[in-house]
Amino acid sequence: MIKIGITGQEGFVGTHLYNTLGLLPNEFERVPYDISFFSDPGLLESFVSGCDVIVHLAAMNRHPDPQVIYDTNMELVQKLIAALKNTGSKAHILFSSSSQEEKDNLYGKSKKEGREMLSDWAKESGGTFTGLVIPNVFGPFGQPNYNSFIATFCHKLTHGETPEIHQDAEVDLIYVGELVNEIIGQIRGGKTTEEYKVPHTSSNKVSEILSKLKHFKKLYFDAGEIPVLNNSFDLNLFNTFRCYFDLQDYFPRKFTQHTDARGAFTEIVRLGSGGQCSFSTTVPGVTRGNHYHTRKIERFAVVKGKALIQLRKVGTDAILNFELDGSAPAYVDMPAWYTHNIKNIGTEELYTIFWINEPYNPEDADTYFEEV
């Protein structure tokens with residue numbers, strides 16, 4: 001069992017890494033971390049001494065004064081090295097640097113110098129070090145105006161604002177889930193690599209990405225249609241986009257019913273991708289689900305009976321409740337990394353239609369059970 005600590009565990013990449021390691025309990029044990037450790041040498045040393053591996057993600061990315069960014073990031077590295085020396089640690093340290101190393105700014109300078117300092121520590125102490133030079137990262141739950149321009153664009157488009165392009169550059173990108181897999185691969189490898197340039201998985205102009213996001217807004221946010229997703233980048237970008245909704249305000253979404261003398265017709269999902277559609281009946285009082293997905297797109301449509309659909313973002317406590325009634329058919333979509341369930345709260349059988357964008361594969365189910 002490899003004991004892993006993540007500094008910056010509360011941040012964008014840290015949260016995804018922490019949650020993904022939790023899916024591998026037979027291989028990894030997560031060592032508890034809190035940002036306050038860097039303010040107390042004793043707590044930081046206790047944390048360090050309990051780790052076989054430390055992924056150092058804690059850093060400041062943005063501040064009005066670039067000197068504050070540089071000073072903060074260097075101080076974090078210096079404190080970590082002091083704790084490593086004081087405890088005699090020979091842990092495997094993975095350091096999150098940035099492609100900004102190549103640019104003439106204090107953030108990039110802090111990353112390059114921090115990587116070099118930790119590399120020197122490893123040489124002196126006999127520890128293992130991996131310096132990760134990471135391209136631009138995007139994905140669900142990144143902070144707008146902080147982690148990524150994609151996060152900023154998604155937030156603006158779903159909150160009635162207009163994104164602006166300041167420089168239409170070609171940007172090398174990696175999805176946060178892909179980055180996490182890279183980090184886990186380096187942990188498993190257990191070798192020193194002073195400078196590992198994490199390969200980007202896509203390269204796009206800023207204007208091209210904004211065009212895709214505007215398309216997602218028009219089709220999905222405004223009309224409920226699942227867009228054509230031609231490749232893994234499109235899927236990852238779409239899953240990123242749909243995590244920026246204010247879910248409690250957006251769902252449930254009413255269907256349009258067409259009625260005549262024969263009865264009623266309701267379109268459940270209009271989509272540009274395939275997938276699997278299924279139907280269930282649920283007796284009163286019974287709950288289905290209590291699981292989450294990391295990549296799948298899923299829709300629950302209640303067509304008869306009364307249901308309570310609950311969602312909770314993994315790693316948080318807030319539960320979102322949606323009551324649906326088949327007399328006014330409606331749907332709720334499940335964002336990635338939200339555990340969810342559906343319960344029959346009525347007195348008759350509940351009829352639900354489920355659509356998911358990929359057929360079920362037991363060897364790669366992307367289904368993880370966790371009570372809402």
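Out of the residues in the stretch 159-174 that are charged (D, E, K, R) and surrounded by 11 or more Cβ atoms within 10 Å (Cβ to Cβ), which is nearest to the chain's Cα centre (by Cα)? Even if it seems obvious, please write down each step before you answer.
Of the stretch 159-174, the ones charged (D, E, K, R) are 161, 164, 168, 170, 172.
From the residues that got through so far, the ones that are surrounded by 11 or more Cβ atoms within 10 Å (Cβ to Cβ) too are 161, 168, 172.
On the way: Glu161: 23, Asp168: 25, Asp172: 18 Å.
In this case the residue turns out to be Asp172.
Using the structure shown, decide if Ser148 is surrounded by 19 or more Cβ atoms within 10 Å (Cβ to Cβ), of a type in the set (Ser, Thr, Tyr) and within 30 Å of Met1 (Cβ to Cβ). So Ser148 does not fit the description; no. Could you tell me whether Thr294 is in a loop (DSSP other than H, G, I, E, B), at pLDDT 95 or above, touching a Phe, Trp or Tyr at 6+ places or on another chain (Cβ under 9 Å) and closer than 26 Å to Asn231 by Cα? Against the criterion (in a loop (DSSP other than H, G, I, E, B), at pLDDT 95 or above, touching a Phe, Trp or Tyr at 6+ places or on another chain (Cβ under 9 Å) and closer than 26 Å to Asn231 by Cα), Thr294 qualifies. Being without any contact (Cβ under 8 Å) to a residue 40 or more places away in the chain and either aliphatic (A, V, I, L, M) or buried (at least 18 other Cβ atoms within 10 Å of the Cβ) (or both) is a property that holds for Ser202. Just a yes or no: is a residue in the stretch 158-169 small (Gly, Ala, Ser) and closer than 29 Å to Asp246 by Cα? Yes, the conditions are met somewhere in the stretch 158-169.
Taken together, Glu358, Glu363, Glu371 contain a single residue that is out of contact with any Cys (no Cβ under 6 Å at 6 or more places or on another chain), farther than 24 Å from Asn236 by Cα and among the acidic types (Asp, Glu), which is Glu371. Exactly one residue out of Phe138, Phe153 is buried (at least 21 other Cβ atoms within 10 Å of the Cβ), touching a residue at least 40 places away in the same chain (Cβ under 8 Å), closer than 30 Å to Gln248 by Cβ and in contact with a Pro (Cβ under 8 Å, 6 or more places away or on another chain): that is Phe153.
The values are calculated or read from the model by the stated rules, or taken from the named source; none is laboratory data. Here the structure is a predicted model, which means the values were calculated and not measured. Here the Cβ is made from the backbone with ideal geometry for all residues, glycine too, and neighbour counts use every protein chain on show.
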